[in-house]
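Shown next, in structure tokens, is the structure this report addresses.
The values are calculated or read from the model by the stated rules, or taken from the named source; none is laboratory data. Note that this is a predicted model, so its numbers are computed, not measured. Glycine gets a Cβ as well: all are built from the backbone with ideal geometry, and neighbour counts include every protein chain shown.
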Amino acid sequence: MTDSAQKTNSFKWQPNAKLLVFSLLMLPFLVSLGSWQLERGDEKQQIVDHHARNQQLPPVINADELVTGEDQQYRLAWIRGKVDNQRIIILDNKVKNGRPGYEILQSVTLSGVKEKLLINRGWVEASLDRGILPSISPIEGEIQLRGYLYRALKGGYRLDDGIRQVQDWPSRVGWITLERAEELFNEPFMPYQLRLDQDSIGALKTGWTTVAVKPEKHVGYAVQWFAMAITLLIMTIIANSNIASWLKQRKNKIPE
């Protein structure tokens, strides 16, 4: 075989500086996005598993169990108390089935403990006129409330509503935590709020979601990012070498 034929048949790099720089920047970015989606999927799976595990435990029926320091997240609870119908939190920017609305939260006085229990009654639709707040039906007397215990997870975006102290009730706020509830109500609260079940006394529209995006969807997103990274790598090799013609020549050499 001649030297000319050997050169023609050999694999050679033909670097394109601009394409290489672009690929060197984009490849780590695509891989990091895929890895981040896998991490998010793992976090969501832990939440789903946590929910399933604690939902199997017997319901909490005594208020004393809420302050033991044990993990009560997502655990069912049947708690008796008297609801404060004068002070109502209207949690803004809660969309359900594509429709804007609010979540309604109130405090509950429990027998034998000084801490109040924050309950989330569920969702109500918002008026087209932002100046009109929803009318909330009161919950009269000492009753049993049924739902599951919830503490807000870390992270997420909080809309600054500028409210430091409530002047008039009901109060529309952009975000709520148990720590903020203590500031707004000026009273101590239990470490968990109670998200009411649909069949509980006082429940509005509930249908709580454990996670907004399911773990398998994050895995699907990760696969897409990794596929894009592999595609970019292949295209970079093709654009910066003679691999296409080299493979074609090698294929032609294979005896049939």
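Quick rundown of the values:
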read-out: Where D92 falls short, out of the listed (1) outside the structural domain of T109 (by TED's automatic domain parsing); (2) within 29 Å of E183 (Cβ to Cβ); (3) among the acidic types (D, E); value: (1)
read-out: Some residue of region 46-58 being surrounded by 14 or more Cβ atoms within 10 Å (Cβ to Cβ), over 24 Å from the mean Cα position of the chain (by Cα) and either touching a residue at least 24 places away in the same chain (Cβ under 8 Å) or in a strand (DSSP E or B) (or both); value: no
read-out: Residues within region 198-211 that are of a type outside the set (S, T, N, Q) and closer than 20 Å to D71 by Cα, tallied; value: 2
read-out: Where Y221 falls short, out of the listed (1) closer than 27 Å to G69 by Cα; (2) under 17 Å from the mean Cα position of the chain (by Cα); value: (1)
read-out: Single match in L66, L38, L27, L20 (criterion: of a type in the set (A, V, I, L, M), at pLDDT below 90 and surrounded by 15 or more Cβ atoms within 10 Å (Cβ to Cβ)); value: L66
read-out: Index of the failed condition, L66 passing every other in (1) touching a helix residue (DSSP H, G or I) at 6+ places or on another chain (Cβ under 9 Å); (2) outside the structural domain of L184 (by TED's automatic domain parsing); value: (1)
read-out: Test set (1) farther than 18 Å from L178 by Cα; (2) under 23 Å from the mean Cα position of the chain (by Cα); (3) of a type outside the set (V, I, T) - L133 fails condition number; value: (2)
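To keep it simple, each residue is scored yes or no on (1) surrounded by fewer than 16 Cβ atoms within 10 Å (Cβ to Cβ); (2) in contact with a helix residue (DSSP H, G or I) (Cβ under 6 Å, 6 or more places away or on another chain).
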{"site": "L128", "(1), (2)": "yes, no"}
{"site": "G147", "(1), (2)": "no, no"}
{"site": "W175", "(1), (2)": "no, no"}
{"site": "A203", "(1), (2)": "no, no"}
{"site": "E216", "(1), (2)": "yes, no"}
{"site": "M228", "(1), (2)": "no, yes"}
